[in-house]
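J.: Take a look at this one; I'll ask things after.
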Amino acid sequence: MSAPTHERVLIVDFGSQVTQLIARRLRESGVFCEIHPYDKVDAMLDAFAPKAVILSGGPASVHEAQSPSAPQRIFELGVPVLGICYGEMTLCAQLGGAVEGGHAREFGRAEIRIERESPLLAGLGEVGARETVWMSHGDKITAIPEGFAVVAASEGSPYAVIADEGRRFYGIQFHPEVAHTPRGALMLRNFTHKIAGLTGDWTMASFRQEMVAKIRAQVGKGRVICGLSGGVDSSVAAVLIHEAIGEQLTCVFVDTGLLRHNEADQVVTLFRDHYNIPLVHVDASKEFLGELAGVSDPETKRKIIGRVFIEIFDREASMVDGAEFLAQGTLYPDVIESVSASGGPSAVIKSHHNVGGLPDYMKLKLVEPLRELFKDEVRALGVELGLAPAFVGRHPFPGPGLAIRIPGEITREKVAVLQQADAIYLDEIRKAGLYDKIWQAFAVLLPVKTVGVMGDARTYEDVLALRAVTSTDGMTADFFEFPWDVLGRCATRIINEVKGVNRVVYDVTSKPPGTIEWE
């Protein structure tokens, strides 16, 4: 938990799949916030000292036994409280209202009607105005606590928005954090700025300054080694740490052989030539490909890559004299996903970020300067630090690299084919001026062969899938509507230039909240 240098909002997590989006919306308006599981909040409440509290949605039913609830102390802090969906229901139940199951469910787009004025809905219209929102609940509030009044209602939710203006307690039955509630961000800003009186004092420049001081205080005169994966996150972390402690930092770049085309050379050039940061470059492609030989299960591949990465990194780090600290590019979504509201570390550690801690045999202390940031914030910090926008704006690339974009067994030949095809794909996207309009684009070498005719010869070669998605937050995604001429040029080049591919398909699958990787 960070030191209380900013106005802070506490988000109590009841397990909603979109809780992160609440934090995103608050950060976008300059408000610092942290997400903590409902069953861990009581222990950290005094130290955190929030200026406001938001209760998230969640999958549970308030009327069932053992359903999660907010610590009662939250309602005694004297700060504004906003309950969203399940958060509104537990707020009602804990303060004397009633919630019942068995009523008609309400999922998807709905329309609320403003019944009375409230600062929570300021700027959304007069009494009687209607607003589109996104509902997602199966229970129904049947009575609101004493002191509350109805601010807005929908056909299915008579208590769509409720308020106790005196105590500054509010409840919203829908999800203002999702894009499907068009003016939901305004509602959240009304809560933080108009009701809680926050000024929005959290900026990337202030974060940079404070984090540099924090790193210096943590490290002192010790030496730090940073595990570079070739991605944006670890690169930004390394540049930030180097600004703080200079030559006390050594970067170890483990080249798995599963990176994009020429990416290893780009990383080495950036750190050695541009930033002059001490860098150990380890070509470990033989070790990774050897361990992956004959393995087809995707989760097994991930675990092998994570294990081998740690083993090689530990071997190289032991050669750095006096190393006491390990730096990683862990992000806030990694932290949230590794310790969920349902309790305990997740069973699967994302890629090779050891969010849950290092192996016992590694005695290094962690330095994770980005663990409070989301992906777009890391990119903004990278620009603040002077990294080229083209570098920090690169499409996300998973820790396991191309291994999860080759379903089935991985071989050096398959990797080479995919690297070449992927490079052509991204090159054509850039030439068409579409790269920055797409959140993530990549190629996948399918475990499928087809018969084709190329020229006067019959071929039996691989099928390559192209994927491109749009996203505003990385939580949900939709396929990118490619101009056919661009997609045609991509396919033509790949078939002509990449030996071993005779068919290219475009994946138009949309993704609900959750991962947007291939697997």
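J.: Looking only at residues in the range 471-506 that are of a type in the set (Asp, Glu) and surrounded by fewer than 19 Cβ atoms within 10 Å (Cβ to Cβ), which one is modelled with the lowest pLDDT? Outline the logic, then answer.
T.: Going through the range 471-506, the residues of a type in the set (Asp, Glu) turn out to be 473, 478, 481, 485, 497.
Next, from what is left, pick out any that are surrounded by fewer than 19 Cβ atoms within 10 Å (Cβ to Cβ): 478, 481, 485, 497.
Numbers: Asp478: 81, Glu481: 91, Asp485: 95, Glu497: 94.
It comes out as Asp478.
J.: Would you pick out the residues in the range 135-149 that are surrounded by fewer than 17 Cβ atoms within 10 Å (Cβ to Cβ) and of a type outside the set (S, T, N, Q)? Walk me through how you get there before you give the answer.
T.: Just the residues of the range 135-149 that are surrounded by fewer than 17 Cβ atoms within 10 Å (Cβ to Cβ), to begin with: 138, 142-143, 146-147, 149.
If the condition is that a residue be surrounded by fewer than 17 Cβ atoms within 10 Å (Cβ to Cβ) and of a type outside the set (S, T, N, Q), then Gly138, Ala143, Glu146, Gly147, Ala149 are the ones that fit.
Here is a yes/no grid of residues against (1) at pLDDT 95 or above; (2) touching a Gly at 6+ places or on another chain (Cβ under 9 Å); (3) more than 25 Å from Cys85 (Cα to Cα):
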site: Gly166; (1), (2), (3): yes, yes, no
site: Gly171; (1), (2), (3): yes, yes, no
site: Ala179; (1), (2), (3): no, no, no
site: Leu186; (1), (2), (3): yes, yes, no
site: Trp202; (1), (2), (3): no, yes, yes
site: Ser206; (1), (2), (3): no, no, yes
site: Ile225; (1), (2), (3): no, no, yes
site: Gly230; (1), (2), (3): no, yes, yes
site: Ile245; (1), (2), (3): yes, yes, yes
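J.: Only one of Thr199, Thr181 is open to solvent by 50 Å² or more (accessible area, probe 1.4 Å), in a loop (DSSP other than H, G, I, E, B) and in contact (Cβ under 8 Å) with a residue 24 or more places away in the chain. Can you tell me which?
T.: Numbers: Thr181 fails: open to solvent by 50 Å² or more (accessible area, probe 1.4 Å).
Only one candidate passes the filter, namely Thr199.
J.: Answer with yes or no whether Leu124 is assigned to a loop (DSSP other than H, G, I, E, B), touching a strand residue (DSSP E or B) at 6+ places or on another chain (Cβ under 9 Å), of a type in the set (A, V, I, L, M) and surrounded by 16 or more Cβ atoms within 10 Å (Cβ to Cβ). Don't jump to the end; show me each part of the working.
T.: Working: assigned to a loop (DSSP other than H, G, I, E, B): yes; touching a strand residue (DSSP E or B) at 6+ places or on another chain (Cβ under 9 Å): yes; of a type in the set (A, V, I, L, M): yes; surrounded by 16 or more Cβ atoms within 10 Å (Cβ to Cβ): yes.
Yes: the conditions hold for Leu124.
J.: Quick check on the range 157-178: of everything there that is among the hydrophobic types (A, V, I, L, M, F, W, C) and closer than 23 Å to Gly97 by Cβ, which residue is surrounded by the fewest Cβ atoms within 10 Å (Cβ to Cβ)?
T.: Going through the range 157-178, the residues among the hydrophobic types (A, V, I, L, M, F, W, C) turn out to be 160-163, 169, 172, 174, 178.
If we keep only those that are closer than 23 Å to Gly97 by Cβ as well, we get 160-163, 169, 172, 174.
Values: Ala160: 28, Val161: 28, Ile162: 28, Ala163: 26, Phe169: 22, Ile172: 32, Phe174: 30.
Top of the filtered list is Phe169.
J.: Is it true that Ala293 is more than 27 Å from Val378 (Cα to Cα) and over 23 Å from the mean Cα position of the chain (by Cα)?
T.: On the way: more than 27 Å from Val378 (Cα to Cα): yes; over 23 Å from the mean Cα position of the chain (by Cα): yes.
Considered against the rule, which asks whether it is more than 27 Å from Val378 (Cα to Cα) and over 23 Å from the mean Cα position of the chain (by Cα), Ala293 comes out as yes.
J.: Check the range 281-289 and report whether any residue there is free of Cβ contacts under 8 Å to residues at least 60 places away in the same chain and under 21 Å from Val239 (Cα atoms).
T.: Scanning the range 281-289, I find at least one residue that is free of Cβ contacts under 8 Å to residues at least 60 places away in the same chain and under 21 Å from Val239 (Cα atoms), so the answer is yes.
J.: Of all residues in the range 35-56 being open to solvent by 20 Å² or more (accessible area, probe 1.4 Å) and touching a helix residue (DSSP H, G or I) at 6+ places or on another chain (Cβ under 8 Å), which is farthest from Phe14 (Cα to Cα)?
T.: Asp42
J.: Kindly state which strands (runs of 3 or more DSSP E) lie completely within the range 243-336 and contain at least 1 residues that are under 25 Å from Leu366 (Cα atoms), open to solvent by less than 60 Å² (accessible area, probe 1.4 Å) and polar (S, T, N, Q).
T.: Working: elements: 249-255, 279-283, 323-327.
The strands (runs of 3 or more DSSP E) meeting that bar are 249-255.
J.: Within 33 Å of the chain's Cα centre (by Cα) and within 27 Å of Gln17 (Cα to Cα): does that describe Gly123? Don't jump to the end; show me each part of the working.
T.: Working: within 33 Å of the chain's Cα centre (by Cα): yes; within 27 Å of Gln17 (Cα to Cα): no.
Taking the combined requirement at face value, the residue does not satisfy it.
J.: Could you count how many residues in the range 414-445 are open to solvent by less than 10 Å² (accessible area, probe 1.4 Å) and small (Gly, Ala, Ser)?
T.: The number of residues fulfilling the criteria is 3.
J.: Also, quick follow-up: Would you confirm, using the coordinates I've provided, whether Glu28 is closer than 28 Å to Ser118 by Cα and among the acidic types (Asp, Glu)? Lay out the reasoning, then the answer.
T.: Working: closer than 28 Å to Ser118 by Cα: yes; among the acidic types (Asp, Glu): yes.
Answer is yes for this residue.
J.: With the requirement that a residue be out of contact with any helix residue (DSSP H, G or I) (no Cβ under 8 Å at 6 or more places or on another chain) and under 26 Å from Leu292 (Cα atoms), what does the range 410-437 give you?
T.: Once the filter is applied, which keeps residues that are out of contact with any helix residue (DSSP H, G or I) (no Cβ under 8 Å at 6 or more places or on another chain) and under 26 Å from Leu292 (Cα atoms), the range 410-437 yields Glu413, Lys414, Ala416, Val417, Ala423.
J.: Just checking, how many residues over the range 19-34 are crowded, with 21+ Cβ neighbours inside 10 Å and of a type outside the set (S, T, N, Q)?
T.: Initial filter on the range 19-34 (crowded, with 21+ Cβ neighbours inside 10 Å): 19-26, 31-33.
Next cut, of a type outside the set (S, T, N, Q) only: 21-26, 31-33.
The total comes to 9.
J.: Shifting gears a bit: Can you tell me how many residues within the range 18-34 are of a type in the set (Ser, Thr, Tyr) and out of contact with any strand residue (DSSP E or B) (no Cβ under 8 Å at 6 or more places or on another chain)?
T.: Filtering the range 18-34 for residues of a type in the set (Ser, Thr, Tyr) gives 19, 29.
Remaining after also requiring out of contact with any strand residue (DSSP E or B) (no Cβ under 8 Å at 6 or more places or on another chain): 29.
Adding up the residues that qualify gives 1.
J.: For the range 215-242, which residues satisfy the criterion of being touching a residue at least 60 places away in the same chain (Cβ under 8 Å) and either over 23 Å from the mean Cα position of the chain (by Cα) or surrounded by fewer than 18 Cβ atoms within 10 Å (Cβ to Cβ) (or both)? Full working, then the answer.
T.: Initially, the range 215-242 is screened for residues touching a residue at least 60 places away in the same chain (Cβ under 8 Å), giving 215, 218-219, 222-227, 229-241.
Selection gives Ile215, Gln218, Val219, Gly222, Arg223, Val224, Ile225.
J.: Oh, and also: Residue by residue through the range 67-106, note down the ones that are touching a residue at least 24 places away in the same chain (Cβ under 8 Å) and surrounded by fewer than 16 Cβ atoms within 10 Å (Cβ to Cβ).
T.: Hits for the range 67-106 are Arg73, Gly96, Ala98, Glu100, Gly101, His103, Ala104, Arg105.
J.: Let me ask you something else. Does Thr192 qualify as being open to solvent by less than 20 Å² (accessible area, probe 1.4 Å), outside any helix (DSSP H, G or I) and in contact with a strand residue (DSSP E or B) (Cβ under 7 Å, 6 or more places away or on another chain)?
T.: Working: open to solvent by less than 20 Å² (accessible area, probe 1.4 Å): yes; outside any helix (DSSP H, G or I): no; in contact with a strand residue (DSSP E or B) (Cβ under 7 Å, 6 or more places away or on another chain): yes.
No; evaluated as a whole, the condition is false for this residue.
J.: Going through Arg109, Arg113, Arg27 one at a time, which residue ends up being among the charged types (D, E, K, R), in contact (Cβ under 8 Å) with a residue 24 or more places away in the chain and either out of contact with any Ser or Thr (no Cβ under 8 Å at 6 or more places or on another chain) or in a loop (DSSP other than H, G, I, E, B) (or both)? First the steps, then the outcome.
T.: On the way: Arg109 fails: either out of contact with any Ser or Thr (no Cβ under 8 Å at 6 or more places or on another chain) or in a loop (DSSP other than H, G, I, E, B) (or both); Arg113 fails: either out of contact with any Ser or Thr (no Cβ under 8 Å at 6 or more places or on another chain) or in a loop (DSSP other than H, G, I, E, B) (or both).
The unique qualifying residue is Arg27.
J.: While we're here: Restricting attention to the range 369-386, which residues are part of a loop (DSSP other than H, G, I, E, B), open to solvent by 30 Å² or more (accessible area, probe 1.4 Å) and among the charged types (D, E, K, R)? Steps first, please.
T.: In the first step, residues of the range 369-386 are kept if they are part of a loop (DSSP other than H, G, I, E, B); the result is 369-374, 385-386.
If we keep only those that are open to solvent by 30 Å² or more (accessible area, probe 1.4 Å) too, we end up with 371, 386.
Within the range 369-386, Arg371 is the sole residue that qualifies.
J.: Across the range 57-66, what is the number of residues that are surrounded by 20 or more Cβ atoms within 10 Å (Cβ to Cβ) and within 23 Å of the chain's Cα centre (by Cα)?
T.: Residues in the range 57-66 being surrounded by 20 or more Cβ atoms within 10 Å (Cβ to Cβ) and within 23 Å of the chain's Cα centre (by Cα): 2 in total.
The values are calculated or read from the model by the stated rules, or taken from the named source; none is laboratory data. On a predicted model such as this, the values are computed, not experimentally measured, just so you know. A quick note on method: Cβ atoms are made from the backbone with ideal geometry, for glycine too, and the neighbour counts reach across all protein chains shown. Remember, those area values only see protein heavy atoms, side chains included, never the ligands or the DNA or RNA. Shrake-Rupley method; radii C 1.70, N 1.55, O 1.52, S 1.80 Å.
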